[in-house]
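Inspection log for the structure reproduced underneath, given as structure tokens.
The values are calculated or read from the model by the stated rules, or taken from the named source; none is laboratory data. Predicted, not measured: the structure shown is a model, and the values here were computed from it. Every residue, glycine as well, gets a Cβ built from its backbone with ideal geometry; the counts of neighbours run over all protein chains shown.
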Amino acid sequence: MTRSKLISATFLRDLSNLPTAYFALVMATGIVSIASFFLHYTFIAKLLFYFNIVAYIWLSQLYILRIVLYQQQFMTDIKDPAKSPGFLTYIAGTCVLGTQFIVIAGNFTIASILFYIGSFAWLILIYTVFTVFTVKNNKPPINEAISGVWLLIIVSTQSVSILASQLTGHIPFANDLVSFFALTMFLCGCMFYIIIITLIVYRMSFFEMRAEEFAPAYWINMGAVAISTLAGSLLIQNTNHWSFITEILPFLKGFTLFFWAIGTWWIPLIVILGIWRHVFKQLPLKYHPQYWGMIFPMGMYTACTFKLSQALDLSFLMIIPSYFIYIALVAWGVAAFGMFYAMGKDYLLVKKASHS
């Protein structure tokens with residue numbers, strides 16, 4: 001077989017097995033970029049921004065191609081309760097990129113387009129996921145179906161709320177209407193978290209959990225409340241756009257701080273379980289697309305703590321993002337190296353096979 005045919009066969013094989021949650025790459029890159037910009041690492045922020053534009057376009061093409069060429073695999077993933085929530089990374093990735101265009105580029109036009117795309121995708125995908133969960137026959141037991149991936153329901157919902165808050169006054173709708181939409185999405189995301197995290201803790205506490213099952217996606221236990229904190233902080237800072245926000249400000253401040261506290265609580269436990277997974281259970285640490293789902297919460301916790309500090313005027317909290325940003329950047333660098341190394345390794349294997 002010639003090299004070109006081998007490359008084509010390898011590409012099609014990987015395309016057919018493309019993980020449903022690969023847009024977590026865009027989510028992770030975007031929020032680390034935004035957090036870097038908040039902390040005045042402008043060069044890094046812009047570099048990651050340009051990288052993210054390319055990644056978003058490339059992944060969009062791959063998923064469209066997969067739907068066209070591998071409809072059966074796509075439908076199988078949609079019906080799988082363990083995989084279908086992964087498609088919600090497309091919504092979050094789209095909205096995080098939209099936020100990048102606002103924060104880093106000051107481009108509200110492209111951000112608006114991404115907001116419309118993300119909102120429409122949320123409307124389609126969120127109800128598709130819940131409908132599949134409800135009408136599916138022969139449902140798997142909770143310990144086989146639920147994982148941290150389900151928390152993408154919250155992440156996707158809050159990402160739409162965040163972008164809506166930032167676009168208030170920049171899209172052709174009344175400010176109070178846009179703010180009301182952002183607030184309702186925020187509240188929906190909060191309620192989803194309370195429901196789903198209860199099921200996840202129940203699964204973690206009362207069913208056997210092998211090291212292989214504690215995947216990096218469980219970092220979203222923290223990431224989902226971190227993005228809720230960011231959404232709440234932006235609503236608090238948007239009081240000038242809608243007077244009603246002022247009336248519920250004490251509730252909003254308390255609820256936002258409540259979610260930040262829960263997110264902070266999760267971090268030591270997730271680290272401990274990660275050590276258990278890789279040190280005591282000796283699970284090899286090698287690149288997998290799921291690791292982007294671990295980096296996203298790191299970047300989001302950095303960004304949300306920065307904004308919470310501003311929104312609640314708690315300057316002492318600023319010390320957390322000033323150090324956490326380094327953890328997020330190093331983690332992103334390691335994952336990116338692992339991704340490109342894996343891609344290069346596959347290419348060398350194809351090259352070697354074509355000569356044999």
Selected residue (only one of 121, 111 is buried (at least 21 other Cβ atoms within 10 Å of the Cβ) and of a type outside the set (Val, Ile, Thr)): 111
Condition check for residue 192: within 18 Å of residue 318 (Cα to Cα), among the hydrophobic types (A, V, I, L, M, F, W, C), in contact with a Ser or Thr (Cβ under 7 Å, 6 or more places away or on another chain) and touching a residue at least 12 places away in the same chain (Cβ under 8 Å): no
Residues of segment 259-305 classified as loosely packed, with under 15 Cβ neighbours inside 10 Å and over 14 Å from residue 220 (Cβ atoms), total: 15
Only one of 319, 295, 272 that is assigned to a helix (DSSP H, G or I), of a type in the set (A, V, I, L, M) and touching a residue at least 12 places away in the same chain (Cβ under 8 Å): 295
Residue check, residue 53 in contact (Cβ under 8 Å) with a residue 60 or more places away in the chain and under 12 Å from residue 104 (Cβ atoms): no
Test for residue 227: is it closer than 15 Å to residue 308 by Cβ and either among the acidic types (Asp, Glu) or in contact with a Lys or Arg (Cβ under 7 Å, 6 or more places away or on another chain) (or both): no
Residue within segment 91-106 that is in a helix (DSSP H, G or I), surrounded by fewer than 17 Cβ atoms within 10 Å (Cβ to Cβ) and not aliphatic (A, V, I, L, M) present: no
Which numbered condition residue 134 fails, given (1) modelled with pLDDT of 95 or more; (2) assigned to a helix (DSSP H, G or I): (1)
Of residues in segment 208-238 being farther than 30 Å from residue 282 by Cα and touching a Leu at 6+ places or on another chain (Cβ under 7 Å), the one surrounded by the most Cβ atoms within 10 Å (Cβ to Cβ): 232
Residue tally, condition surrounded by 21 or more Cβ atoms within 10 Å (Cβ to Cβ) and charged (D, E, K, R), over segment 124-165: 0
Filter pass, residue 1 being more than 21 Å from the chain's Cα centre (by Cα), part of a loop (DSSP other than H, G, I, E, B) and modelled with pLDDT under 95: yes
Residue in segment 57-70 that is surrounded by 20 or more Cβ atoms within 10 Å (Cβ to Cβ), assigned to a helix (DSSP H, G or I) and at pLDDT 95 or above present: no
Unique match (being modelled with pLDDT of 95 or more, closer than 14 Å to residue 166 by Cβ, part of a helix (DSSP H, G or I) and of a type outside the set (Phe, Trp, Tyr)) among 123, 88, 114: 114
Test result for residue 7, of a type in the set (A, V, I, L, M, F, W, C) and either more than 19 Å from residue 219 (Cα to Cα) or at pLDDT below 95 (or both): yes
Subset of segment 138-180 [more than 23 Å from the chain's Cα centre (by Cα), part of a loop (DSSP other than H, G, I, E, B) and over 23 Å from residue 124 (Cβ atoms)]: 138, 140, 141, 169, 170, 174
Flag if residue 270 is within 20 Å of residue 326 (Cα to Cα) and not polar (S, T, N, Q): yes
Test: residue in segment 40-51 that is in a loop (DSSP other than H, G, I, E, B) and either at pLDDT 90 or above or among the β-branched types (Val, Ile, Thr) (or both): yes
